[in-house]
Amino acid sequence: MNRKELVEAILKSKELNHMTKKDADAFVNSMLDTIKKSVKKGNDVSLVGFGTFTKVKRSARTGVNPATGEKIKIKAKTLPKFRPGKAWKDMF
């Protein structure tokens, strides 16, 4: 499902069928932007039954170039991470 299909699915839901396509798209954009900004600041975003968005730090490490076998240094970096909630995992 892509963003356009997500907006269409929101429009079909009973709870939000009063929204226009423009409103649903703005809702999706606002929600995603809020999650990204909050996680970037270091705050976890927990949606009960869905999952948790967090910020994790990867330490510097040594890797191997697969083409040459040469050892290379990989810099430390910070990345977003998502952990699905128990209710969502139990669906599968």
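The values are calculated or read from the model by the stated rules, or taken from the named source; none is laboratory data. All values derive from a computational prediction rather than experimental measurement. Neighbour counts run over all protein chains shown; Cβ positions are idealised from the backbone, glycine included.
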Quiz prompt | Count of residues meeting criterion [within 13 Å of the chain's Cα centre (by Cα), charged (D, E, K, R) and in a loop (DSSP other than H, G, I, E, B)] in the stretch 1-51 | solution = 1
Exercise. Please give the number of the condition Gly85 fails out of (1) touching a Ser or Thr at 6+ places or on another chain (Cβ under 6 Å); (2) touching a residue at least 12 places away in the same chain (Cβ under 8 Å).
Key: (1)
Quiz item: Do we have any residue at all in the stretch 69-81 that's of a type outside the set (Phe, Trp, Tyr), without any contact (Cβ under 8 Å) to a residue 40 or more places away in the chain and under 26 Å from Met91 (Cα atoms)?
Solution: yes
Practice problem: Please work out if Lys81 is in the same structural domain as Lys4 (by TED's automatic domain parsing) and either farther than 19 Å from Lys4 by Cα or exposed (fewer than 12 other Cβ atoms within 10 Å of the Cβ) (or both). | Solution: no
Practice problem: From Thr62, Thr52, Thr34, grab the single residue that is free of Cβ contacts under 8 Å to residues at least 12 places away in the same chain and either over 30 Å from Glu8 (Cα atoms) or not aromatic (Phe, Trp, Tyr) (or both). | Solution: Thr34
Quiz prompt | Scan of the stretch 16-31 for residues that are of a type in the set (Lys, Arg) and without any contact (Cβ under 8 Å) to a residue 12 or more places away in the chain, ordered by number | solution = Lys22
Practice problem: Would you point out which residue out of Lys71, Lys37 is at pLDDT 95 or above, among the charged types (D, E, K, R) and touching a strand residue (DSSP E or B) at 6+ places or on another chain (Cβ under 6 Å)? | Solution: Lys71
